[in-house]
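Beneath this line is the structure, given in structure tokens, with notes to follow.
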Amino acid sequence: MDDVNSYTKEQFLEAFGTLFEHSSWVAEEAYSKKPFTSMNQLHQQMKNVVESADTERKLILLRNHPDLGARIAMSDHSVQEQAGAGLQALSEVQHSVLSELNQKYTQTFEFPFIIAVKGKSADEIIAAIKNRVHNSYETEFETALREVYLISWYRLEAWMLEHMEEER
């Protein structure tokens, strides 16, 4: 943690500014909470930044996430995560079903369906969106934020593993 605590603001944003999809403001605000005692505490501070944001800013954060399985330009993190779940290699039927469900979900909630895809198959993701599209707005807003926190944790874990390898 000494290395992270010694980072300049620019270095900190370079390392952690992409943990929350196209929302570097989270890392920027968390930077002022240094020193961090652990990566868990760093992540908790980032979650606190989001939790203390107003509803509109949280909604923008949710809207910054791409539709799952969409064939559009997205962040490097999202490309890798979706590829790992097989979402870049969907059959035409799966792609059609997921696109239709994404559209229904976004029309209902006004933000895209968000789920941490790590360790999930395309069929599990499709089943999840089928279930969650029936949630209340409040339930789904909170569920989506929890998924964003999990996604950002997985991204931080990947960063930690990468930097442990570099130190060897």
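Assorted remarks:
- In segment 113-153 the Cα-Cα distances spread across 10 Å bins starting at 0 as 30, 56, 14 percent of all pairs.
- Here the gap between MET1 and ASN40, fully extended at 0.36 nm per residue and compared with their Cα-Cα distance, gives a gain of 13.0 nm.
- Between 0 and 90 degrees, the angle of helix 137-167 with respect to the longest Cα principal axis of the chain falls at about 50 degrees.
- With a Förster radius of 35 Å applied to the C-beta separation of ASN64 and ALA127, the computed FRET efficiency comes to 0.90.
- Inter-label distance for GLU56 and GLU100, nm, one decimal - labels placed 7 Å from Cα along Cα-to-Cβ: 3.7 nm
- For the chain, the fraction of C-alpha pairs farther apart than 23 angstrom is 41 percent.
- Tilt relative to the chain, helix 92-109 - C-alpha long axis, 0 to 90 degrees, to 10: 70 degrees
- Reach of LYS130 by Cα under 29 Å, taken over lysines that are not fewer than 8 positions away in the same chain: LYS47, LYS58, LYS104, LYS118, LYS120
- Between GLU29 and THR139, the modelled labels are 2.8 nm apart [label points 7 Å from Cα along Cα→Cβ].
All of the numbers you see were taken from the coordinates with simple rules; none came from a lab. These numbers come from a predicted model, not from an experiment. For neighbour counting, all protein chains shown are included, and Cβ atoms are generated from backbone atoms with ideal geometry for every residue, glycine included.
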